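Engineer: Here it is: the structure, laid out below.
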Amino acid sequence: MDFACSAEQNAIVETATRFARERLEPNYRAREKAGCIDREIAKEMGAMGLLGPELPQRLGGLGVDRVTTGLIVEAIGGGDVNLCYHAINVSLVGQIVAEHAGDDLAAQWVPQMISGQKLPYIALTEPRGGSDAANLIMKAAREGDHYVLNGEKASITFATQADIGVIFARTGTVDAGAKGISAFLVSLDMPGISRTAFDDMGSRSVGRGSLFFDGVRVPASHRLGDEGRGFVQVMQGFDFSRALIGLQCLGAAKKSLEETWAYTKDRRAFDKPLITFQGVSFPLAEAETFLEAARLLCLKTLWLKDHDLPHTAEAAMCKWWAAKLAAEIIQTCLLTHGHSAYSGSLPYEQRLRDVLGLQIGDGTAQIMKLIIARQKVGRSAVPA
């Protein structure tokens, strides 16, 4: 395993870091107040190759490795952790559509996601269960050349503003469990779809909410993968997104640490720089150590995916640990800055609120630990 970045990776990361600093940081709070992402910013990200860079060149991607995608996500997270949701969704949904949709359908939609023209979403969770992801009741009934969708999807990222994405619905019986679920590519401008917004603690620019489907007719050609196999086939992509989520959180934590090291070096108390007090420097040193370890785990997971090696357990480790660690590091930085960071004059309180939700979304720590245990000892680790 080579720990050195190539010249191409360094150039891409430098571009992403500069973009995060100059275009994302200044309006981080403004986007929260607006409650939505800036579509022009999304288009800029697309034009710069920062969305779905690992996707095939024939569909508008750069065809780079997944490690490079992770480094881009980390850089973006330092400027606005919420814009990473967009980048990750393009990678996840784009990969699903590229691999499981027909060629014409992929050619129609994936380039629009990569360019930032269309905002993708993925709809799996329902009100009756989040962690029990296969326990779905939303129905997709076959009627000739269409499927008719009825039901509700809850806690959906970009629910209030997304354009196109992947819906999971039951085409088989409830008793069939995961084997009775199919996936569909659905545009949210279709008749019969309505939306509601959540009033969340953090990541307000993401516009999380619910989607309601009332007799929505989706062409059978928009089914992704085999009928009844969508959950099994498509969920494999979540290992990739979980590693990216880890770097999304760590990007915000890394930026917070860099700022706090500089602050404690310049700020004086009792006629000395704050950094001379071990009560200040030691927590930051510990945070730096844990961050580096978690970051390497995320990059290793992406490296494993690039080499077609098993990485399910590692991805689950990234998801639960990096999200938790990032919140702890940002809180440490907030407390080090004192009362000014508790107010809205510095970004720490918003960063803390924004990363907290990622300890829930895309799989809780408890579910991730079950996945790790199952990967180590098999089904015997599953609770009876």
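The values are calculated or read from the model by the stated rules, or taken from the named source; none is laboratory data. Because the structure is predicted, anything quoted here is derived from the model rather than measured. In this analysis, Cβ positions are derived from the backbone assuming ideal geometry, glycine residues included, and neighbour counts consider all displayed protein chains.
Engineer: Report, by residue number, each residue of the range 149-181 that is touching a strand residue (DSSP E or B) at 6+ places or on another chain (Cβ under 6 Å) and small (G, A, S). Working first, answer last.
Structural biologist: Step one: list which residues in the range 149-181 are touching a strand residue (DSSP E or B) at 6+ places or on another chain (Cβ under 6 Å), which gives 149-154, 156, 158-160, 162, 164-171, 180-181.
Selection gives G151, A154, A159, A162, G165, A169, G180.
Engineer: For residues in the range 335-363 being part of a loop (DSSP other than H, G, I, E, B) and touching a residue at least 24 places away in the same chain (Cβ under 8 Å), which is farthest from S241 (Cα to Cα)? Full working, then the answer.
Structural biologist: Start the filter on the range 335-363 by keeping residues that are part of a loop (DSSP other than H, G, I, E, B), which leaves 338, 343-347, 360-363.
Next, only the ones that are touching a residue at least 24 places away in the same chain (Cβ under 8 Å) stay: 344, 347, 360-363.
Working: G344: 30, P347: 25, I360: 14, G361: 12, D362: 9, G363: 11 Å.
My answer is G344.
Engineer: State the number of residues belonging to the range 162-181 that are more than 14 Å from I122 (Cβ to Cβ) and in contact (Cβ under 8 Å) with a residue 24 or more places away in the chain.
Structural biologist: 9
Engineer: A follow-up question, please. Tell me, please, whether a residue that is closer than 19 Å to G129 by Cα and modelled with pLDDT under 90 can be found in the range 151-172.
Structural biologist: yes
Engineer: Which of (1) without any contact (Cβ under 8 Å) to a residue 60 or more places away in the chain; (2) in contact with a Leu (Cβ under 8 Å, 6 or more places away or on another chain); (3) surrounded by 24 or more Cβ atoms within 10 Å (Cβ to Cβ) does A98 not meet, given it meets every other one?
Structural biologist: Among (1) without any contact (Cβ under 8 Å) to a residue 60 or more places away in the chain; (2) in contact with a Leu (Cβ under 8 Å, 6 or more places away or on another chain); (3) surrounded by 24 or more Cβ atoms within 10 Å (Cβ to Cβ), A98 violates only (3).
Engineer: Give L257, L211, L247 a once-over and let me know the one that is under 16 Å from the mean Cα position of the chain (by Cα) and modelled with pLDDT of 95 or more.
Structural biologist: Only one candidate passes the filter, namely L247.
Engineer: Quick one: in the range 226-237, of everything that is surrounded by 21 or more Cβ atoms within 10 Å (Cβ to Cβ) and not small (G, A, S), which residue is nearest to V148 (Cα to Cα)?
Structural biologist: F231
Engineer: Of the conditions (1) in contact with a Ser or Thr (Cβ under 7 Å, 6 or more places away or on another chain); (2) surrounded by 20 or more Cβ atoms within 10 Å (Cβ to Cβ); (3) at pLDDT below 95, R223 clears all except one; give me its number.
Structural biologist: (3)
Engineer: Where in the range 104-165 are the strands (runs of 3 or more DSSP E), entirely inside, with at least 3 residues that are over 24 Å from E32 (Cβ atoms)?
Structural biologist: Ranges flagged: 139-143, 146-156.
Engineer: Among the residues of the range 106-115 satisfying the criterion of being of a type in the set (A, V, I, L, M, F, W, C) and crowded, with 17+ Cβ neighbours inside 10 Å, which is farthest from the chain's Cα centre (by Cα)? Before you say what the answer is, go through the steps one by one.
Structural biologist: So in the range 106-115, the residues of a type in the set (A, V, I, L, M, F, W, C) come out as 106-107, 109-110, 113-114.
The next check asks that each one be crowded, with 17+ Cβ neighbours inside 10 Å; those that pass are 106, 109-110, 113-114.
Values: A106: 21, W109: 20, V110: 18, M113: 15, I114: 15 Å.
Among those residues, the one meeting the criterion is A106.
Engineer: Could you tell me whether any residue of the range 125-136 is at pLDDT 95 or above and small (G, A, S)?
Structural biologist: Taking every residue of the range 125-136 in turn, none turns out to be at pLDDT 95 or above and small (G, A, S).
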